[in-house]
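The values are calculated or read from the model by the stated rules, or taken from the named source; none is laboratory data. In this text, all values refer to a predicted model and were calculated from it rather than measured experimentally. All Cβ positions, even for glycine, are placed from backbone atoms using ideal geometry, and neighbour counts span all protein chains on display.
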Amino acid sequence: MNVAERTAAAVAEIERLGAGTVSADPALILKVSSDWSRMSPVLQEKVPPGRYLADAVVRPTRPEHVPQLLQVAFEHEVPVTPRGAGTGNYGQATPFDGGILLDLRGLDTITVNPGGTITAGAGARLTAIDTVGRAAGLDIWMYPSTKTSTIGGFIGGGSAGTGTIEHRTTSDGFVVSALVAPMDGSGTMRRVTGEELTPYIHTYGVTGILVDVEIRTDPARDWVAVYGSFGSYADLVAVHRTLLDLPQLPRLASADEPALVPTLTAPMELDPTRYSLRVIAEASTADEVAARMAAGGEHVATLTDYAETDRLSGMSYNHPVWFFQRGNRRRTYFHMESGGTPLWDDPDAVREVYEGPVHFHLELFGHGPGAMIVAEYRGEEAVLAGIPKLEALGVGVHSPHQWYVDRNVERAIETARVTDPKGLLNPGKLTAAPPVDSRVNIGVR
């Protein structure tokens, strides 16, 4: 039997067991077999929508459904690719070998625990988790720029976002515990805590399926959105780098060069000739942030509605790159994720790595700046050739143009030997020697 035939037999048994809803609708399969890898022209060439398709979609609606259906898939030797909201950007949820696309959005329960942590089903969206947390007087430590992402997707495939300045990445204590189902034929799941969590975070589900996740919170703070603009890159950087000495660290500090400003989704008109800085600041520090902006440039506005901080977050990390690509379709652009003080101190040297014009979208991390380096696409070879040049300048790089597990790889391989002995979980993502190894940590930590 081929994969499609084995999948048909498996999903028939899954339906009989009532272990989730099953669909073979071609339109649904096409939709959920791709993610937002369209942002990368390299990945658009390699994994365009429709090239790799699942044979069926299964959506569990209760935690116990996951180990049940994995046991069936194991017995029938059917690949299983997990998926949340599909907001990943690297092709992590592409079902290279067909089989079952595991849609985890039906697992969306949210519970505030007595100790102040929050436990959420893998399919719960960060927007909903944050709403529940704020109602209980709590702030979740961090959330991605696409706040409609699921918590399972963020932990399994994401890394950083709003809150990273203070709390670093998803690997740095954000996760307290996770309920994980292995693909070992056991039909079980177990609660993983502490150091044991490492091979399950940012490993795309290759070591086990996250069924629920328990995350840390802080007492809720009053966050506001502060907008500023500057006449030069140097003036922008002079303020950006001071934000780490505020008495309460900002939740986010994003900045864009003039080329990226016209396509931003701000609630007010931004001057397209100036450099834009946007900060999610704790309310008691907002006046100080505004004063620093005014001293070096212009304080544009301070918006106190919490919803405006979500809007501001939606203009962070790679989102301005997508807005720019969408607004400039006559040319094809790529971006490279980077981090390091040369982005502040020697920007011209960084720009010279790629054929110009080159634009920066800046973020602030706990140790310094990060950036999405944006330039016109002239082929994968030219994109990858820039990585060693950036490293030579002291700039850390993470390539968004590959789908391989890029963190704790040896530990993930070791774990998967036990939890996925047949190699059925998200095939094609876990290897010690990818064809083009561009798996370098951006340096957020």
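Worth a mention:
- Elements of type strands (runs of 3 or more DSSP E) contained in region 51-153, each with 3 or more residues being modelled with pLDDT of 95 or more and within 12 Å of V211 (Cα to Cα): 118-121
- Against the test of being crowded, with 22+ Cβ neighbours inside 10 Å and either among the basic types (K, R) or modelled with pLDDT of 95 or more (or both), the options A259, A255 yield a single qualifying residue, A255.
- Among the residues making up region 241-259, those that are touching a residue at least 12 places away in the same chain (Cβ under 8 Å) and out of contact with any strand residue (DSSP E or B) (no Cβ under 6 Å at 6 or more places or on another chain) are R241, T242, L244, L246, P247, L249, P258.
- Residue in region 32-48 that is surrounded by fewer than 18 Cβ atoms within 10 Å (Cβ to Cβ), within 24 Å of E13 (Cβ to Cβ) and modelled with pLDDT of 95 or more present: no
- Selected residue [under 18 Å from the mean Cα position of the chain (by Cα), assigned by TED's automatic domain parsing to the domain that holds G18 and surrounded by fewer than 24 Cβ atoms within 10 Å (Cβ to Cβ)] from T61, T87, T81, T127: T87
- Every listed requirement among (1) at pLDDT below 95; (2) under 27 Å from the mean Cα position of the chain (by Cα) is met by M1 save one, (2).
Yes or no, residue by residue, for (1) under 30 Å from V353 (Cα atoms); (2) aromatic (F, W, Y); (3) under 23 Å from the mean Cα position of the chain (by Cα):
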residue	(1), (2), (3)
P400	yes, no, yes
W403	yes, yes, yes
R407	yes, no, yes
R411	no, no, yes
T419	no, no, no
G423	no, no, no
G428	no, no, yes
T431	yes, no, yes
P434	yes, no, yes
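- Scope region 22-48; condition of a type in the set (D, E, K, R) and assigned to a helix (DSSP H, G or I); matching residues: K31, R38, E45, K46
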